[in-house]
Amino acid sequence: MKKTSMLVAAALAATLATPPVLAQDAEASTDALRVVRDKQTGQLRAPNSEELKQMLEAEKADRKARGKPEPSANPQPVQVRTYASGMKAAVLGPEFLVSLEAHRDADGNLTVRHADPADEHVVAPNTALPTE
Amino acid sequence: MNKKLIAAAVAATFAAVPSYGAEIVINNVDAPGIGFNDPTPVTPVGGNAGTTLGEQRLIAYARALELWGNTLKSDATIVVQGSFAPLNCTATGGTLAQAGAIQIFADFPNAPLPGHWYGVALANSIAGVDLTPGPLDPGPLAEPFNDDIVANFNGAVGQPGCIEGPGWYYGLDSSPGPGQIDFLDTFMHEVAHGLGFQNFANEQTGTTPLDLPDVYMANTYDLLYELPWNADFGDVNISRLLVRLSAVNNGNVVWTGSSVTANAPLVLGPYQGIRLTGTLNQELVFGTASFGAPATADNFGGSIVIGQDGAGASSTDGCEPLVNVAETTGNVVLMDRGTCGFVVKAANAQAAGASGVIIANNQAGGAIGLGGSDPAVTVPTISVSLEDGNAIKAASPGVSVEFFADPTRQAGTNEGLVRLYAPVTVALGSSISHFDTVASPDLLMEPFITPGLRSNVNLDLTPSLMKDVGWQLETLKIGGCDTGVTSALPTGELLHARVDACAAGVRNRGQFVSCVNKVTNAAKDAGLLTGRQHAAITACAAQ
C-alpha cells in the first residue's frame, strides 16, 4: 500500500497547480488532480484506491447526466475467445499495429515517424521537429 | 508456389550452406501484378539477385525472415502475412509500413506468466505447437486469423504521387544510397515488434485487452514509482493509472529483463551527458538540435551567460542581435524559446561570439528537440526544460556547463537498466515499445531507423530482449552440424549471418573454414566465445 500511496501522491504532486476537478468532459485527462479532504485532519490528501474508484464512478455518472460521451474509445480486440482449458485468445485489429509514416520535404530530407504526429523521428536532417 | 519461389531465391543468393532455425514463412496476400508480384524489371542490387521488383521484395523479405529464423528457436512454423501493395500516401508523405502480432494468447500451455498476454508467434514457440493451426489467411487481416504476424510495406513509395524521391533499397547489405529507405533494416525492426518487442497497452488510457498485462509489461519498470507495469493492485483503475503516468515518465522507465541488463555493457557506449557546475550543480536532461555542430566534450562547455538582445517581445529570446557581446564572447549563451526560430537565436548567439547555446523551453514539456536548418550556423546548441532554464537564471551569474562522459554508466541506462522510450507526450506506436533514443550507439529498436544500423549482421540488444520475453535463442548450425553455440552473440552480432557471408565469398571448403575461423577468433578474443565454443564452430565448418 505504501507504493500505491506513493503512486497516487506522485500524481497529486505533479498536478498541484491545477484546481481539483471532479467532473470532466470527454477526452479530458483522467489523470487530472484528484484530492480528498481527510475527514479526520481536514487536510487535502491523495485518494486511496477505493476513493479513487468512487471518484471515477461519479465522473462517469456526471458525464452521462450531462449527455457527454465517454473518453476516447480504447481499441478493442476484434475477437476474444476463452477456451475450456482457460486459455484466452484475442485477435487484434489494425489499431494495434505499429505504423511507420514518412514525410519528404522540398529539400529531399526524409522524416520517419510513428503514427502519432506528436512523435517524429529523423532519418535525414529534418524539418519535422519544432523550429521555434 | 510462393514458398518455392522464396526457397529458390534464397538458395540462389547464398551458396547453399543451409542453416536451420525457426521456420518463418511468408503468406503473400498481394493480388497478381502488384506488390510482391510486381513484374517490373529491375537490376540486382546489394546482394539481392532479383530481376523484377516483386522478386527483389520477396528475396529481401525472405532474407529478413531467415535472419530472424536463425536467431530465434521455434518448433512451430511462424507465418508472416506480407504485402507490398500501395498504402495511403501523397507526394510528400504517407505510410511506410505497418506490422504487429495478429493475435495474442494468455494461459496457453507452458505459459511462463499466468494471466499475461503473449504475441502468438512467441506463444507458439513456448507452447511447442501452433495455437492457430489451419490454412493460411486468405487476405489481409482476414479470418480465420491463422497467420501470426502481419508486416505490410508501401510498395508505391518513391513513385509519382507517393513520397516522391528515392524509394526502398532492397539490397541485403544495409547499404542504401542517399535518401533511400533501407528495407531490410526497416523490416527487421518492424517484424521484431510482431515477434515480441511490444506491449498491448494503450498508454493514453492505460487499458489492456481484457485488463490483462502482457509479458513486455512484466519487464517494464518505473524507477520513480518503483513499480513494474504488471503490478497487481487488485483494482484495474490503479493499474491503468500507473500505465498512463509512467508512460510519460521520461528517463525513468526501464527494462528489467536479465538478458538485456547483462548484455547492455557489451553494446552501449559510456554515458555522456551535460551537467551544471558552480552555483548550481546538477545533470541536465537536454535536447539536441538538427543544426549546428553536435555538442561534444570537445566543443561544448563554459560559463553560462544570459543573452540579451534588448529589443522585441522579450530581451532574452535572442531574436535580435545580442547587445552584451562582451559577456557572451567565448561563453555559452542561454536564451528563451519563443518569437523566432531556433536557428535565428543560434545565429545571433554565434554572431555574438558564443561558444555554445542553450535554449530554455518556454512551456511545459521538458527539453525538446530543436528543428531547423541553416548551414551557416555552426555553434553547438542544446535545449533544456523550462524548469532548468529558470533554475540557471536564478543561480546566475556563476553557473557553468560541461559535457562529460561517465564510463561507469552506459549511455541509455538509468541505475544500470536500459531505458525505454517514454517521451513526455505519449506517442502511440512509439512510447515504451522501443529503446530510448539516448542510447548510444543507435539501437535497432529505437523509434526510428538510423543510417548506422547494420541489421544484416547485428541486432544489438534485440535478441536479448527476445530472450527476456520468453524466446529461446537458436544455436548456430552449419550444414547438418549443430555447434551448440547460440547463434546471436551477447552483443547481438549474428554468427549465422557471418557464416553465410563466408559461404558466399569463398570458392572452396578450405577457404570457408578459414573464414569462419577468422570470424570466431575475433569473437573469442573479445571474450564473447569460449575456446570450447570456438572449437565447436570450426569443427562444424570443417565437416
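The table that follows gives values for the structure above.
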{"quantity": "Number of the exception - residue B:43 against (1) buried (at least 19 other Cβ atoms within 10 Å of the Cβ); (2) at pLDDT 95 or above; (3) under 16 Å from residue B:167 (Cα atoms)", "calculated": "(1)"}
{"quantity": "Segment A:65-95, subset at pLDDT 65 or above and in a helix (DSSP H, G or I), residue most open to solvent (accessible area, probe 1.4 Å)", "calculated": "A:95"}
{"quantity": "Number of the condition not met by residue B:315 [criteria: (1) in contact (Cβ under 8 Å) with a residue 12 or more places away in the chain; (2) farther than 25 Å from residue B:273 by Cα]", "calculated": "(1)"}
{"quantity": "From the options B:435, B:403, residue that is among the aromatic types (Phe, Trp, Tyr), open to solvent by less than 40 Å² (accessible area, probe 1.4 Å) and in contact with a Phe, Trp or Tyr (Cβ under 6 Å, 6 or more places away or on another chain)", "calculated": "B:403"}
{"quantity": "Only one of B:141, B:131, B:122 that is open to solvent by less than 50 Å² (accessible area, probe 1.4 Å) and either within 12 Å of chain A (Cβ to nearest Cβ) or in a strand (DSSP E or B) (or both)", "calculated": "B:131"}
{"quantity": "Residues of segment B:33-58 that turn out to be of a type outside the set (D, E, K, R) and within 26 Å of the chain's Cα centre (by Cα), as a count", "calculated": "8"}
{"quantity": "Selection count, segment B:351-379, where residues are open to solvent by 10 Å² or more (accessible area, probe 1.4 Å), at pLDDT 95 or above and within 21 Å of residue B:396 (Cα to Cα)", "calculated": "3"}
{"quantity": "Test: residue in segment B:316-324 that is of a type in the set (Gly, Ala, Ser), crowded, with 24+ Cβ neighbours inside 10 Å and within 14 Å of chain A (Cβ to nearest Cβ)", "calculated": "yes"}
{"quantity": "Any chance residue B:99 is under 21 Å from residue B:198 (Cα atoms) and of a type in the set (Gly, Ala, Ser)", "calculated": "yes"}
{"quantity": "For residue B:305: the one exception among (1) free of Cβ contacts under 8 Å to residues at least 40 places away in the same chain; (2) open to solvent by less than 30 Å² (accessible area, probe 1.4 Å)", "calculated": "(1)"}
{"quantity": "Of residues in segment B:416-431 being more than 7 Å from every other protein chain (Cβ to nearest Cβ), buried (at least 22 other Cβ atoms within 10 Å of the Cβ) and touching a strand residue (DSSP E or B) at 6+ places or on another chain (Cβ under 6 Å), the one modelled with the lowest pLDDT", "calculated": "B:422"}
{"quantity": "Residues that are surrounded by fewer than 22 Cβ atoms within 10 Å (Cβ to Cβ) and within 19 Å of the chain's Cα centre (by Cα), drawn from segment B:165-175", "calculated": "B:173, B:174, B:175"}
{"quantity": "Residue list for segment B:90-119, restricted to those being surrounded by fewer than 19 Cβ atoms within 10 Å (Cβ to Cβ) and modelled with pLDDT under 95", "calculated": "B:90, B:91, B:92"}
{"quantity": "Hits in segment B:487-543 - residues which are without any contact (Cβ under 8 Å) to a residue 60 or more places away in the chain, of a type outside the set (S, T, N, Q) and outside any helix (DSSP H, G or I)", "calculated": "B:489, B:493, B:506, B:507, B:526, B:527, B:529"}
{"quantity": "Any chance residue B:473 is open to solvent by less than 10 Å² (accessible area, probe 1.4 Å) and not hydroxyl-bearing (Ser, Thr, Tyr)", "calculated": "no"}
{"quantity": "Test: residue in segment B:75-82 that is open to solvent by 20 Å² or more (accessible area, probe 1.4 Å), more than 8 Å from chain A (Cβ to nearest Cβ) and over 30 Å from residue B:166 (Cα atoms)", "calculated": "yes"}
{"quantity": "Where residue B:450 falls short, out of the listed (1) polar (S, T, N, Q); (2) open to solvent by less than 40 Å² (accessible area, probe 1.4 Å); (3) touching a residue at least 12 places away in the same chain (Cβ under 8 Å); (4) within 14 Å of another protein chain (Cβ to nearest Cβ)", "calculated": "(3)"}
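The values are calculated or read from the model by the stated rules, or taken from the named source; none is laboratory data. Quantities reported herein were computed from a predicted structural model and do not represent experimental measurements. Don't worry about glycine lacking a Cβ; one is built from the backbone with ideal geometry, like all the others, and counts go over all protein chains shown. Accessible surface is based on the protein model in full, side chains and every heavy atom, while ligands, DNA and RNA are left aside. Shrake-Rupley method; radii C 1.70, N 1.55, O 1.52, S 1.80 Å.
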